[in-house]
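First comes the structure, then the notes that go with it.
The values are calculated or read from the model by the stated rules, or taken from the named source; none is laboratory data. All of these numbers come straight from a predicted model, not from anything done at the bench. Here the Cβ is made from the backbone with ideal geometry for all residues, glycine too, and neighbour counts use every protein chain on show.
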Amino acid sequence: MRYSSTSEAIINTSPKCICISVNSEGKAGELSDILSNDSAKELDSLLSELSFSGKPGETLFLPRSGTREFHILVAGIGDPQALKENDVLKIGPAIAAAIKSNKMKELSVALDHFGSISPLNLGRQIIDAIETSTYSFDTYKSEKSGEPTLTQVTFHCLENETAALDETIRLAHAVNTGRHYARTLGNEPGNVCTPFYLAQQAKQLGKDYPDIETNVLDEEELEKMGMGAFVSVSKGSTLPGKLITMEYYGTDKKSAPYVLVGKGITFDTGGISLKPGAQMDEMKFDMCGSASVMGVMKAIAELKPKLNVVGVIAAAENMPAGNASKPGDIVTTLSGQTVEILNTDAEGRLVLCDTLTYVERFKPAAVIDIATLTGACIVALGHCTSAVMGNDQTLVDQLLAAGQQSHDKAWQLPLWDDYQSQLDSPFADMQNIGGKGAGSITAGCFLSRFTKSYPWAHLDVAGTAWVSGGKEKGATGRPVPLLMQYLVNQLAS
Ligand code: BES
Ligand code: MN
Ligand code: ZN
């Protein structure tokens, strides 16, 4: 999809389809200069005849007619002074759906000024919605969904707004590219998307984007290094585990990087603590944290910001086997701390803890890990909101703000010391599960013991990384938008 901005009057650009916003009083903004001719009257009468209320999420498609050689898509934006966030979020998807069902090839959008909705915000919403509505995963379908009909979107704005709009378009393009990539990696089945496959994909990113340098450590090297917790998970699978790093330097190499660590369990059977059969297929999505890290790296390589960013992926398959870990096994982590594995299904924290120790070598400005870590997170926050915890309130606050800004929201859970004792083990320095209650927090507590030397936050995306069951089942690409917003915000600070 091509997106561009211009301050040229729409009517002078021989448009095919014009999208204008109309408020709850039926008024369009001044950029909708087509309304200065006969179509204004036509539109007025049609809007009242068809009782178009102008509510956000409502659209009206007026096909070409008479001397008017272009289609008009009217999008309601309600009362711009009284709009709530969720109302604003209805506008883009409604436009995208109307464009799709009317098979428009080109769209000219009048980005008018309406109260609290800025042209930049509205433009961003429309791009995100179009990109989301045109995503499909049909690799394994004999019948393909085909290319989207729409190929060109031109935003019309005031002359002094084009530069900022171009920046918005660039950012939106990068974020959506990364998000699509993360979705596709997540949707790949477990027999294709293995630790080896993730490593190959990361190497391919390094080839496609010279700014990214990829390195892969094999299971043998992890074992030699002393990553006893990581290897205790990967050893039960015939597929060897991989530790994948992707480094992007957009500024002075000496400037501390932002490090993203992704849980990359390419299939989670639970191991010897085997999961029940129902919906176990969805445990192919247990690498969505790492998919979001790869998505961010791709987005960063597209955007080329002046930041240093390192993506690290802990890739392994969690299987039951003769040589798999058993409940009660004790392993030594890279940090030297020992862990009693009481439940082999709490494997994410085991691969992550060693990886979190490993990333100390990057002397990070901040480390954020992203993991589909606990079912308890879904109990606490459902599927709308990711959980965030950390050892640095400034970092947590920045992530919460980035979530709000990008409409990829997160909410903080308390990582208080009070919960730490739930991890006490009679035999080792700690056990890998916290028992009854606060399952997401005790998982966070476990990770916190390996992240003492840098500002750190943990995103539990168990409820948000994919849509479970139903027609919409599939990876969402979250939290790529949140992470990209966080990183871009660092440029300003
Ligand atoms: N990958 C799962 C968490 C999960 C479950 C995410 C369902 C999304 C949907 C994780 O590895 C896991 O199995 N966690 C256990 C931890 C427990 C054994 C302490 C869980 O949540 O049940
Ligand atoms: Mn598990
Ligand atoms: Zn898991």
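Residues checked against (1) over 25 Å from Gly270 (Cα atoms); (2) under 19 Å from the mean Cα position of the chain (by Cα):
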residue: Arg349; (1), (2): no, no
residue: Cys353; (1), (2): no, no
residue: Ala402; (1), (2): yes, yes
residue: Gln405; (1), (2): yes, yes
residue: Asp408; (1), (2): yes, yes
residue: Pro414; (1), (2): yes, no
residue: Asp418; (1), (2): yes, no
Open item on the list: If I go through the range 66-93 residue by residue, how many of them are within 21 Å of Asn12 (Cβ to Cβ), buried (at least 16 other Cβ atoms within 10 Å of the Cβ) and among the charged types (D, E, K, R)?
Closed with: 1
Task: Residue identified as under 17 Å from Tyr258 (Cα atoms), away from ligand 3 (no atom under 16 Å from the Cβ) and assigned to a loop (DSSP other than H, G, I, E, B) among Thr451, Thr394 - done: Thr451
Task: Subset of the range 248-284 (residues that are under 20 Å from Ala299 (Cβ atoms), within 16 Å of ligand 3 (Cβ to nearest atom) and not charged (D, E, K, R)) - done: Val261, Gly262, Gly264
- [ ] Please indicate, with yes or no, whether at least one residue in the range 327-335 is in contact with a strand residue (DSSP E or B) (Cβ under 9 Å, 6 or more places away or on another chain), away from ligand 1 (no atom under 14 Å from the Cβ) and within 30 Å of Asp252 (Cβ to Cβ).
- [x] no
Task: Failed criterion for Val259 (all others in (1) farther than 28 Å from Lys473 by Cβ; (2) in a loop (DSSP other than H, G, I, E, B) hold) - done: (2)
Open item on the list: One residue is enough: does the range 94-111 have a residue meeting the conditions on the phi > 0 side of the Ramachandran plot and exposed (fewer than 15 other Cβ atoms within 10 Å of the Cβ)?
Closed with: yes
TODO: Could you pull out the residue among Leu73, Leu43 that is touching a helix residue (DSSP H, G or I) at 6+ places or on another chain (Cβ under 7 Å), of a type outside the set (D, E, K, R) and modelled with pLDDT of 90 or more?
DONE: Leu73
Open item on the list: When you check Asp408 against the structure, is it buried (at least 17 other Cβ atoms within 10 Å of the Cβ), within 16 Å of ligand 3 (Cβ to nearest atom) and more than 22 Å from Lys275 (Cβ to Cβ), yes or no?
Closed with: no
